[in-house]
Amino acid sequence: MLRVKGLSAAYEGTPIFSDVSVDFVPGKITGIIGPNGAGKSTLIKNMLNLVKPVNGYAELNGVPLVKQAASVAYIEQRAEIDLTFPIDVLDVIVMGTYPKLGWFKVPGKTQRAQAKAALSKVGLSDFAHRQIGNLSGGQLQRVFVARAIVQEAPLVFMDEPFFGIDMQSEAEIIRILKEWRAAGKTIVVVHHDLNKVSQYFDELVIMSPGAGVVAHGPVAEVFTQANIQAAFSPDLGNVLFGSGKADSAVAAGKQEVAFND
Ligand SMILES: Nc1ncnc2c1ncn2[C@@H]1O[C@H](COP(=O)(O)OP(=O)(O)OP(=O)(O)O)[C@@H](O)[C@H]1O
């Protein structure tokens with residue numbers, strides 16, 4: 001079990017959230033949602049110690065996550081990636097085998113074969129020797145998913161993987177997330193499209209600027225009008241759920257909608 005314990009974050013002394021404790025259930029896809037600036041990316045970066053937390057830490061099966069880097073596949077936000085780096089698609093995927101290879105070992109035929117198989121799995125076999133800067137956003141995201149496939153980590157973090165990508169890429173990525181879920185991995189996805197929440201996620205962490213985590217738990221329990229209004233705005237809650245409707249089934253598009261009035 002991935003556990004966040006008493007995590008507090010700040011940038012240059014400005015607090016972002018404090019004392020966040022959340023459990024992430026294995027074999028589930030957990031979405032982290034919240035308005036811009038809520039601290040979603042920071043929460044992941046704190047867990048991974050990419051940004052040092054002010055307090056607290058994350059642990060996996062009782063051991064601090066920072067001591068288990070090979071257990072984590074992290075697909076960061078595309079905005080943070082240097083696409084001018086002269087490296088082709090296959091080499092990016094081969095990099096996913098490094099943590100398991102260990103120090104001083106160089107990847108060989110086996111690792112390249114694994115990378116090719118992963119590339120085929122995300123439907124991009126024809127792109128093996130394309131420079132990474134010459135891919136569409138969706139293709140690039142599928143390459144990072146292929147890199148995570150070869151990494152075989154039990155824990156996968158993705159920061160806005162669907163932002164601005166084509167529907168086919170989104171569907172391919174979701175298919176792989178579901179395979180990972182069936183294999184018992186813990187999958188954590190920062191996400192902004194509230195319309196897809198019920199479709200994509202089993203569990204949800206809802207964050208709000210200044211308030212940290214306002215709710216977390218199974219989607220059916222926490223994706224409610226009240227929580228969305230608390231985290232985002234009353235208006236958004238009304239648009240999503242319709243005023244007077246407070247059942248998460250509304251957002252799931254189900255017919256058995258419960259009306260309060
Ligand atoms: N390196 C940094 N230095 C200073 N402030 C930062 C830094 N990174 C993020 N912040 C600030 O911390 C707050 C939380 O940022 P974060 O990126 O975690 O939010 P987010 O919920 O992921 O937002 P978004 O949906 O816009 O990606 C924001 O106010 C942001 O401006």
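Answer with yes or no whether ILE187 is among the aliphatic types (A, V, I, L, M), within 12 Å of the ligand (Cβ to nearest atom) and part of a strand (DSSP E or B). So ILE187 fails the test. Mind listing whichever residues of the stretch 226-237 are closer than 13 Å to VAL197 by Cβ and among the polar types (S, T, N, Q)? The one that is closer than 13 Å to VAL197 by Cβ and among the polar types (S, T, N, Q): ASN227.
So which residues in the stretch 6-34 are at positive phi and assigned to a strand (DSSP E or B)? The answer is GLY6, ASP19. Taken over the stretch 19-43, the residue count meeting the criterion of being within 13 Å of the ligand (Cβ to nearest atom) and either buried (at least 16 other Cβ atoms within 10 Å of the Cβ) or over 13 Å from MET207 (Cβ atoms) (or both) is 11. Suppose the filter is of a type in the set (Phe, Trp, Tyr), within 20 Å of SER21 (Cα to Cα) and crowded, with 20+ Cβ neighbours inside 10 Å; does PHE144 pass it? No; evaluated as a whole, the condition is false for this residue. Evaluating ASN55 against the criteria (1) surrounded by 12 or more Cβ atoms within 10 Å (Cβ to Cβ); (2) out of contact with any Ser or Thr (no Cβ under 9 Å at 6 or more places or on another chain) leaves one unmet condition, (2). Tell me yes or no: at least one residue of the stretch 55-63 is closer than 30 Å to SER120 by Cα and of a type in the set (Ser, Thr, Tyr). Checking the stretch 55-63: not a single residue is closer than 30 Å to SER120 by Cα and of a type in the set (Ser, Thr, Tyr).
In the stretch 95-110, the condition of being modelled with pLDDT of 95 or more, among the charged types (D, E, K, R) and in the same structural domain as ILE75 (by TED's automatic domain parsing) is met by no residue. Residues considered: ASP126, ASP82. Of these, the only one that is away from the ligand (no atom under 16 Å from the Cβ), in a loop (DSSP other than H, G, I, E, B) and either over 24 Å from the mean Cα position of the chain (by Cα) or without any contact (Cβ under 8 Å) to a residue 24 or more places away in the chain (or both) is ASP82. Scan the stretch 151-166 and give yes if some residue there is touching an Asp or Glu at 6+ places or on another chain (Cβ under 8 Å) and not polar (S, T, N, Q), otherwise no. Yes, the conditions are met somewhere in the stretch 151-166.
Inside the stretch 94-114, residues that are of a type outside the set (Gly, Ala, Ser), assigned to a helix (DSSP H, G or I) and out of contact with any Pro (no Cβ under 8 Å at 6 or more places or on another chain) make up a count of 8.
Could you list all residues from the stretch 68-79 that are away from the ligand (no atom under 16 Å from the Cβ) and either closer than 26 Å to TYR11 by Cα or free of Cβ contacts under 8 Å to residues at least 24 places away in the same chain (or both)? Once the filter is applied, which keeps residues that are away from the ligand (no atom under 16 Å from the Cβ) and either closer than 26 Å to TYR11 by Cα or free of Cβ contacts under 8 Å to residues at least 24 places away in the same chain (or both), the stretch 68-79 yields GLN68, ALA69, VAL72, ALA73. Condition (residue is surrounded by 14 or more Cβ atoms within 10 Å (Cβ to Cβ), within 30 Å of PRO64 (Cβ to Cβ), at pLDDT 95 or above and touching a Leu at 6+ places or on another chain (Cβ under 9 Å)) applied to the stretch 162-185: is it met by at least one residue? Within the stretch 162-185 (the criterion being surrounded by 14 or more Cβ atoms within 10 Å (Cβ to Cβ), within 30 Å of PRO64 (Cβ to Cβ), at pLDDT 95 or above and touching a Leu at 6+ places or on another chain (Cβ under 9 Å)), the answer is yes, since at least one residue qualifies. Under 8 Å between Cβ atoms, at least 6 apart or on separate chains: pull out the pairs that start in the stretch 174-195 with a residue that is within 12 Å of ALA73 (Cβ to Cβ) and end on any residue that is away from the ligand (no atom under 16 Å from the Cβ) and among the small types (Gly, Ala, Ser). Listed pairs, sorted by first residue: LYS185/GLY27; LYS185/ALA153; THR186/GLY27.
Here ILE16 does not fit the description of being in contact with a Pro (Cβ under 8 Å, 6 or more places away or on another chain) and within 16 Å of the ligand (Cβ to nearest atom). Only residues that are touching a helix residue (DSSP H, G or I) at 6+ places or on another chain (Cβ under 7 Å) and within 14 Å of the ligand (Cβ to nearest atom) were counted in the stretch 49-67, giving 2.
Is at least one residue of the stretch 126-135 closer than 24 Å to GLN68 by Cβ, of a type outside the set (Ser, Thr, Tyr) and surrounded by 20 or more Cβ atoms within 10 Å (Cβ to Cβ)? Looking through the stretch 126-135, none of the residues is closer than 24 Å to GLN68 by Cβ, of a type outside the set (Ser, Thr, Tyr) and surrounded by 20 or more Cβ atoms within 10 Å (Cβ to Cβ).
The values are calculated or read from the model by the stated rules, or taken from the named source; none is laboratory data. Values in this document were obtained by computation on a predicted structure and should not be read as measured data. Neighbour counts are summed over all protein chains in view; Cβ atoms, including those assigned to glycine, are modelled from backbone coordinates with ideal geometry.
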